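Colleague: Structure below; questions to follow.
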Amino acid sequence: FDGFRFIGKEGEDDNVEQKDSTSKAKASTYAITPNYLLFGYGRHACPGRFFATMEVKTMVAYLIYHYDIEWAESQSKGVEGYRPPDFWIGTSVIPNPKARVKIRERRA
């Protein structure tokens, strides 16, 4: 998994004004390009894309902060870094729908 896949490689300058990785990541999250059509493109691009992206980030941060999430032991068999195989539908790839995770609330 490459969490920085939308950020240019070292030495590539997409925009000279954006040199630090934080501003590059922020710009690419809301990007409107013909290659990334999640929020549409051109004049009809979603005006709520900034709000929607921040909502998703907030929910993920809440989950990470308040819960421990790991693969179910029946699947991982104690192997560090285990990940179930992806599920392909045509040219689209989605996480394995039969994968099981264990979620427990963190104790203070």
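The values are calculated or read from the model by the stated rules, or taken from the named source; none is laboratory data. Keep in mind it's a predicted model, so treat the numbers as computed, not measured. Cβ placement follows ideal geometry from the backbone for every residue including glycine, while neighbour counts extend to all protein chains displayed. Just the protein is used for accessible areas: all its heavy atoms, side chains included, with ligands, DNA and RNA removed. Shrake-Rupley method; radii C 1.70, N 1.55, O 1.52, S 1.80 Å.
Colleague: Could you list, in sequence order, the residues of region 80-89 that are of a type in the set (Phe, Trp, Tyr) and surrounded by 10 or more Cβ atoms within 10 Å (Cβ to Cβ)?
Modeller: Selection gives Tyr82, Phe87.
Colleague: Go through region 95-108 and report how many residues are in contact with a strand residue (DSSP E or B) (Cβ under 7 Å, 6 or more places away or on another chain), assigned to a loop (DSSP other than H, G, I, E, B) and open to solvent by less than 80 Å² (accessible area, probe 1.4 Å).
Modeller: Qualifying residue count, region 95-108: 1.
Colleague: Would you be able to tell me the number of residues in region 41-59 that are open to solvent by less than 70 Å² (accessible area, probe 1.4 Å), under 30 Å from Arg104 (Cα atoms) and of a type in the set (A, V, I, L, M)?
Modeller: Residues in region 41-59 being open to solvent by less than 70 Å² (accessible area, probe 1.4 Å), under 30 Å from Arg104 (Cα atoms) and of a type in the set (A, V, I, L, M): 1 in total.
Colleague: While we're here: In this structure, does Ser92 turn out to be open to solvent by less than 80 Å² (accessible area, probe 1.4 Å) and among the polar types (S, T, N, Q)?
Modeller: yes
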